[in-house]
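A.B. asks: Supplied in structure tokens, the structure appears directly below.
Laboratory data are not the source of any read-out in this text; all were calculated from the coordinates shown. Here the structure is a predicted model, which means the values were calculated and not measured. Glycine also receives a Cβ, built like all others from the backbone with ideal geometry; neighbour counts cover every protein chain displayed.
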Amino acid sequence: MLHPPAPRERPTPPTLRRATADDLTAMATADGRGFGMHYTDTDIEDFRPLFDPDRFLLAQDPADGAKQDGPILGITGSFPFDVTLPGGTTLPAPGVTWVSVAVTHRRQGILRAMMEEQHRGFVADASAVSLLTASEGAIYGRFGYGIATVHRCVEISRRRAAFRPGAPDPGGVRQVDPHEARLLLPDIHRRWSALVPGALSRSETWWDNHMLDRESRRGGATALFYLVHDDGYASYRIERGDRTCQVAELVSVTEEAHAALWRVLLSLDLVETVARWSHPLDDPLQYLLADPRQVRTTRIRDGMWARILDVPAALSARRYAAELDVVLDVHDPFLELGGRFRLRGGPDGARCERLDAGGPSVAVDVTALGSLLFGGERAVTLARAGLLETDDPGALRRVDTAFLADRLPQHGTEF
Ligand SMILES: CC(C)(COP(=O)(O)OP(=O)(O)OC[C@H]1O[C@@H](n2cnc3c(N)ncnc32)[C@H](O)[C@@H]1OP(=O)(O)O)[C@@H](O)C(=O)NCCC(=O)NCCS
């Protein structure tokens, strides 16, 4: 006779501890197993300058007590960024990273335990918003994250991508070696970040790591080439077999720099296809071409996700496209930091404060507020999905207009 298997015991919560500098090699092994990859000693040493152990939490089996050398069952960490808001103000924001749980211990609540501890820590540190990029789209909504930036992968058949007559041709681009690029790029990137909502700051240590360009990370393509203009830069590699130019990064502070850089990229003889995996949805390139259809979108992807931790601090920090006076009723089941808030804002500044009184309001899920914060999604779209609700269509229209930004947000830095 067959017996049903005995139900599995409810797992005990993991022990959580802060990482130490000595944990990095074991963390790399655990992270590699979690993501299905192997890190080399060079990978580990490359990462070490960015590793602040105080910002990393490790989960272990409670049976191992506080033993530092017990197997690592879970990891989460964060990088310190500043993020730009609509209007050009910035907020310090932790960028959650290195999230994984051992393949042998999944769906036992380890991620949830780590997220609770880590986000309580962010709140204790007075962070108004936290950020991440997600390996899978179904994981982080439950923790209050909403999609904040979206970008598209594009491919351009270079020989068919003629510029339209009269399109700007400002010139001023030169090719530089990685050493000169390391000197010139940070300032251009800083000026770009000040303009673009959602843009993340890069520290000098981050730049050192960003410029390493190890052969193992090139996927068989060449090392990076750098094009620099006074107000922009592009880095790219060539896949010689496919005759493809892969644009790794293109940053432009002015439209002149944007046009000048694309003019060079689309004139690379011996290249058939120019591909860019992080092209902004509102990039004007297609309107510089005689045939806009030549900028072919092959995929649209979410980029950065945002979670609001302090509603008044986050909403007061940004500027709004139009004057707004609204009561938001924020629903935050994970951290219970929601409630009713009055937001008064406009192009010159904003104030947001907690309210005790009742009255008409716009109910909003905290995930939707993360999508609205940088102006990347429209309130009317979120309302159609039931993530924003109000009996007052006028209030919804005003929220929709006020939260839009001059340009769509881009985070610009993978983490
Ligand atoms: C994603 C990952 C960290 C989840 O860890 P875990 O310990 O299994 O997660 P938990 O058991 O704590 O689950 C927490 C909740 O998330 C859900 N969940 C976890 N992983 C999920 C996934 N990949 N897709 C959808 N839901 C997921 C669980 O069902 C659970 O839901 P509930 O608590 O609301 O009922 C783990 O699967 C992993 O390491 N994956 C590979 C690496 C990776 O993708 N990391 C994320 C990088 S951004």
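A.B. asks: Quick check: the distance between the Cα centres of the stretch 200-214 and the stretch 246-298, to the nearest angstrom?
C.D. replies: Computed from Cα coordinates, the inter-centre distance equals 24 Å.
A.B. asks: Moving on to the next point. Expressed as a rounded percentage, what relative contact order does the chain have, with Cα pairs under 8 Å and six or more residues apart?
C.D. replies: 19
A.B. asks: Need the full-extension length gain, Ile44 to Arg160, defined as separation in residues times 0.36 nm minus the C-alpha distance. One decimal, nm.
C.D. replies: 37.4 nm
A.B. asks: Follow-up. Whose amide H sits under 5 Å from the amide H of Gly74, counting only residues 5 or more places off or on another chain, with H placed in the peptide plane?
C.D. replies: Distant-sequence amide H within range of Gly74: Ala59, Ala102.
A.B. asks: Per residue of the stretch 81-86, in order, report the coupling 6.51 cos²θ - 1.76 cosθ + 1.60 (Karplus, θ = phi - 60°) as ³J(HN,Hα) in whole Hz, putting x for Gly and Pro.
C.D. replies: Running phi through 6.51 cos²θ - 1.76 cosθ + 1.60 with θ = phi - 60° gives 10, 10, 10, 8, 10, x Hz.
A.B. asks: Then there is this: Given +1 on the Cβ of Lys and Arg, -1 on the Cβ of Asp and Glu, and no further charges, what dipole in debye does the stretch 306-403 carry about its Cα centre, rounded to the nearest 20?
C.D. replies: Roughly 300 debye, rounded to the nearest 20.
A.B. asks: Next question, about the same structure. Arg33 to Asp82: extension gain in nm, 0.36 nm per residue of separation minus the Cα-Cα distance?
C.D. replies: The Arg33-Asp82 span can extend by a further 14.6 nm.
A.B. asks: Okay, moving on. Tell me which residues come under 5 Å, amide H to amide H, from Gly349 once H is placed; ignore anything under 5 positions away on its chain.
C.D. replies: Tyr320
A.B. asks: On to the next question. In deg cm²/dmol and to the nearest 500, what is the mean residue ellipticity at 222 nm of the chain if only DSSP H runs of at least 4 residues count, each as -39500 (n - 2.57), divided by the residue total?
C.D. replies: Calculated mean residue ellipticity at 222 nm is -7500 deg cm²/dmol.
A.B. asks: Based on the Cβ-Cβ distance from Asp392 to Asp208, what FRET efficiency comes out when R0 is 56 Å, to the nearest 0.05?
C.D. replies: Rounded to the nearest 0.05, the efficiency is 0.60.
A.B. asks: For the stretch 303-319 and the stretch 222-238, what is the separation of their Cα centres, given in Å?
C.D. replies: If we compute the Cα centre of each part, the gap is 33 Å.
A.B. asks: So, one more: Could you tell me the center-to-center distance, by alpha carbons, between the stretch 152-187 and the stretch 89-147 in angstrom?
C.D. replies: 36
A.B. asks: Shifting gears a bit: Is the stretch 92-203 rounded, prolate or oblate when judged by the Cα gyration tensor, a ≥ b ≥ c being the square roots of its eigenvalues, rounded requiring a/c under 1.5 and prolate requiring a/b larger than b/c?
C.D. replies: It comes out prolate by the Cα gyration axes.
A.B. asks: What is the fewest-to-most order of Ile72, Ile238 by other Cβ atoms lying within 10 Å of their Cβ?
C.D. replies: Ile238, Ile72
A.B. asks: Follow-up question, since we're still on this one. So if R0 is 25 Å, what FRET efficiency would Thr12 and Asp52 give, r being the distance between their Cβ atoms, rounded to the nearest 0.05?
C.D. replies: Efficiency computed from Cβ-Cβ geometry: 0.30.
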